[in-house]
């Protein structure tokens, strides 16, 4: 199975585990899309933003002595975007509407991020 | 009110933005560099911002460096907010990046009309575009284009003073 297929498989399982999730993406830490269910036009921008959020979050965590970054949560009035560190090389971004079960999303997405980290290692 | 200046440092990948801020900052530079997965001629690349701070004659100067890659252009807008001036760096030995530099300059100055200087880096190399050539290329007056070496604090300070003179409309009288 190619790396691309493995990543798509992990994303598919994540979406099946939490149907509330509205979008998923794996990007490199320098902001290139590796796998996603977003339309291509949106994917490039979303990958760059996910990498920026993760990169900035890492630096904030480091400066504030919080240890290694695990995730960054953006909560808007209409929903969530959570960016998870997936090892040293990857970023997993997940979107969900307001009212979604964030605890369940964290549970499944952290596990998916660990699989993504192995795949990219 | 005490004065302070926010300046933005932008330009294409590999122009020397992070190095420029490192050369000038008196505090450890806040960097957000990540391993580059594309071949961009260096190992790491800025994904969010660089931040450095120095004081020049008692005036705090805040330096915000942008990512160079166009996919991070949303950060250009974020960082230029409230800036009083822009330093656009181009590598003098990478003329193929000049169109990208011109794009960044037009992107930023059309949305946020701030004074700017163009710094032509790597003037220590033997085969390099001079500031005069680059001024011609960008159609800018010579005094808005400075030759420099981003690794040299003295050289970086001279470029900084040029933009501060444009921002303040005064000749810099300080001791440095």
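Over the residues of chain A, the helix contribution to mean residue ellipticity at 222 nm works out to -16500 deg cm²/dmol, using -39500 (n - 2.57) for each DSSP H run of at least 4.
Could you tell me the center-to-center distance, by alpha carbons, between region B:9-47 and region B:64-132 in angstrom? That distance is 13 Å. Of all DSSP bridge pairs formed entirely within the protein assembly as shown, close to 65 percent run antiparallel. Compactness of region A:3-120 was expressed as the Cα radius of gyration divided by 2.2 N^0.38 Å, which yields 0.97. With just the Cα atoms defining each centre, how far is region A:42-120 from region A:1-33? Give it in Å. Spelled out, the Cα-based centre of one part sits 12 Å from the other.
Residue order for B:111, B:3, fewest other beta carbons within 10 angstrom first, comes to B:3, B:111.
Taking the DSSP beta bridges in region B:5-168 as the whole, what percent of them are antiparallel, to the nearest 5?
Numbers: 11 of 29 bridges.
Rounded to the nearest five, the antiparallel share is 40 percent.
The modelled label-to-label distance for the pair residue B:165/residue B:81, using points 7 Å beyond Cα in the direction of Cβ, is 3.3 nm. With a 10 Å cut-off around each Cβ of A:32-40, the average count of Cβ atoms from other chains is 1. How much mean residue ellipticity at 222 nm does chain B get from its helices, if each DSSP H run of length 4 or more adds -39500 (n - 2.57) and you divide by all residues, to the nearest 500 deg cm²/dmol? Mean residue ellipticity, 222 nm, calculated: -9000 deg cm²/dmol. Using only alpha carbons, the protein assembly as shown has a radius of gyration to Kirkwood radius ratio (Rg to Rh) of 1.03.
Can you pull a Stokes-Einstein diffusion coefficient for chain B at 37 °C (0.692 mPa s), Rh from Kirkwood over Cα pairs, as a whole number of µm²/s?
Details: Rh = 16.0 Å.
Answer, rounded: 205 µm²/s.
Bear in mind these aren't lab numbers, they're just calculated from the coordinates by the rules spelled out. If you're wondering where the values come from, they're calculated on a predicted model, not measured in any experiment. No Cβ is skipped: glycine too gets one built from the backbone with ideal geometry, and neighbour counts run over all protein chains shown.
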